[in-house]
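The structure under discussion appears below in the form of structure tokens.
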């Protein structure tokens, strides 16, 4: 009854998956080119080290870096002629084409992409709950058998993921827009900060902090991801490039005088951003929700934020999102509390009554 | 002894400033083309409505929209031949050049830019603490008298701002990088979401949410800001455009095969982003600080986050930043608690002891 799973590659994702599946009752064996890495994964509770005496696995999960995933998937399909094989690379067309080019049996292969853990790395950071509530996209190819797809979904669900299904091209086009292009935009904007004086950088507010947070990501990993999804990222960037050229043209005209139509370009780009931003779903996966924001001054001392959120909870209001903004050199910060619009006014009153200072 | 201040324009910034200065003991009179707006500001405690019987003001603050600020500054300099005049527009070269072109007395003018309140609007949103702890840049011109500069700084400090001084060109170049270009990048990235299917948008994670948060900003206001700083924004965007062209070239090569040097371009852009991001100061205005992040699973129920932050406070640890990430359709979220690296390990242990589940 217990499904046996072989995990190839014991980095953050592979090790975390091993821990999760072991806890869920699967029999997990682990393989990695590095004996140290695989021993560490075993010690973390991710499964046992693969051995020649092991029975053939029911499912193989390839958790190798994106640029070698295709080769490893093909090898595993050949080595285990009855097993279903999946991989967890964050790009899917390139991996599939690599497997196809190697002539492996595509009926037993279905890719997947658990959208978790990318900003941290290394097996030591592994956790069995890494996938809890994260999107896990199962990505069948044109030949995947129903049984293979079902087996991969089963693994994703057992690991705690929220499963959806897409074709390889759909997946790569989606992550180009929601992940890869935002990363590049963030990197390009952050890169401009290098040229500023210290007093100029000191004007950085919450806006640029948010825009550039992911600019701290690992260049080597992102080079692999972007290279692996080059065609889809290029297509999205071509639109961005066209619009950016248009913006620069409008600014040229405005810098030199006052051109008819130049302001329309700027207003349209910002309005298109409004429309796109409004499509991002609310936290419960329901239709996009515009939350109301209640802003509160919070003294910068241990416990004060807790006291505020305790009072929010006491008011019976569920917090949908929270942003902190710190003043430079000031003894307090601003807490922006997002709540459903229907309760915002009441929350403001309740907090005022309890002595909190509301803000802007 | 009481300084008399005349505020022209009673929107969010003008009204908030009136409230702050009135509280600080200044005698404030209010003017606005709209009798309704000025009456509302008066009722909110921002000062008295300007009257012909008023004595001449010591300082005039022009809080008009960026595209008319220069004209209003020039009018006020002429109307009050002994007063110091400032404005609060978020662009400074264009306003100064407008004032200069009108032949007004530049010795009594020094611009300013309180970096607050832009994402909300309207006098009804005014608060006397709007400027508390926010950067307030005082922007003298080449003719500003020492007395004029001192008077404007005095107003900024009285309103609660954290004051720095820059030339108009320095100011505009700085905000182009830290505010205007991030806004455009955010809008351009968010605009791409319009073309996606719902399942594709549903893959949006915390990265794109952060990058596109400011994409919800007002197109009309941003058109004025960008048009008013066209030359400086264009210069920064030209660099971004060049690098974006280079990235697209590299992706072209990678999509068609495997080109020498293409990966280097991608790695360099991401690494430059690392370097730029690292320059953003920590919250206390000290040298840039890399915080350690402790990630905790928080049940999605009123009071749970408060209980967590209460436990953080109990552990004697000061929270430097907090990000919430919500799983789609899951009964909990992830709280990413940023703390000084020296206390991260102890905090993790304390929270585990108290029954919290730490995460990846």
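The values are calculated or read from the model by the stated rules, or taken from the named source; none is laboratory data. A quick note: this is a predicted structure, and the numbers were derived from the prediction, not measured. Note that we place each Cβ from the backbone using ideal geometry, even for glycine, and neighbour counts take in every protein chain shown.
Below is a table of values for the structure above.
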| read-out | value |
| --- | --- |
| Meets criteria (in contact with a helix residue (DSSP H, G or I) (Cβ under 8 Å, 6 or more places away or on another chain), closer than 24 Å to residue A:158 by Cβ and surrounded by fewer than 16 Cβ atoms within 10 Å (Cβ to Cβ)) for residue A:18 | no |
| Which numbered condition residue B:113 misses (of (1) at the interface with chain A (Cβ under 10 Å from one of its Cβ atoms); (2) surrounded by fewer than 24 Cβ atoms within 10 Å (Cβ to Cβ)) | (2) |
| Selected residue [under 30 Å from residue A:140 (Cα atoms), crowded, with 20+ Cβ neighbours inside 10 Å and touching a strand residue (DSSP E or B) at 6+ places or on another chain (Cβ under 8 Å)] from A:163, A:175 | A:175 |
| Close pairs (6 angstrom Cβ cut-off, 6 or more residues apart or separate chains): more than 7 Å from chain B (Cβ to nearest Cβ) in segment A:175-194, surrounded by fewer than 24 Cβ atoms within 10 Å (Cβ to Cβ) anywhere | A:176/A:236 |
| Candidates A:237, A:297 - the one that is modelled with pLDDT of 90 or more, facing chain B (nearest Cβ under 7 Å) and buried (at least 19 other Cβ atoms within 10 Å of the Cβ) | A:237 |
| Index of the failed condition, residue B:274 passing every other in (1) more than 8 Å from every other protein chain (Cβ to nearest Cβ); (2) assigned to a helix (DSSP H, G or I); (3) at pLDDT 80 or above | (1) |
| Leading residue by the ranking (farthest from the chain's Cα centre (by Cα)) among those in segment A:195-228 that are part of a loop (DSSP other than H, G, I, E, B) and more than 7 Å from chain B (Cβ to nearest Cβ) | A:197 |
| So residue A:64, is it modelled with pLDDT under 95 and under 21 Å from residue A:136 (Cα atoms) | yes |
| Sole residue being in the same structural domain as residue A:240 (by TED's automatic domain parsing), modelled with pLDDT of 95 or more and surrounded by fewer than 23 Cβ atoms within 10 Å (Cβ to Cβ), chosen from A:102, A:194 | A:194 |
| Filter result (modelled with pLDDT of 75 or more, at the interface with another protein chain (Cβ under 7 Å from one of its Cβ atoms) and not in a loop (DSSP other than H, G, I, E, B)) within segment A:314-352 | A:322 |
| Residue under evaluation residue B:75, criteria (1) at pLDDT 95 or above; (2) touching a helix residue (DSSP H, G or I) at 6+ places or on another chain (Cβ under 6 Å); (3) surrounded by fewer than 24 Cβ atoms within 10 Å (Cβ to Cβ), criterion not met | (2) |
| Checking residue B:125 against (1) surrounded by fewer than 24 Cβ atoms within 10 Å (Cβ to Cβ); (2) farther than 18 Å from residue B:9 by Cβ; (3) at the interface with another protein chain (Cβ under 7 Å from one of its Cβ atoms), the condition it does not meet | (2) |
| Which listed residue, of A:147, A:89, is surrounded by fewer than 22 Cβ atoms within 10 Å (Cβ to Cβ), away from chain B (no Cβ under 13 Å) and either touching a residue at least 40 places away in the same chain (Cβ under 8 Å) or closer than 27 Å to residue A:36 by Cβ (or both) | A:147 |
| Residue that is surrounded by the most Cβ atoms within 10 Å (Cβ to Cβ), among those in segment B:1-15 that are part of a loop (DSSP other than H, G, I, E, B) and in contact with a helix residue (DSSP H, G or I) (Cβ under 9 Å, 6 or more places away or on another chain) | B:10 |
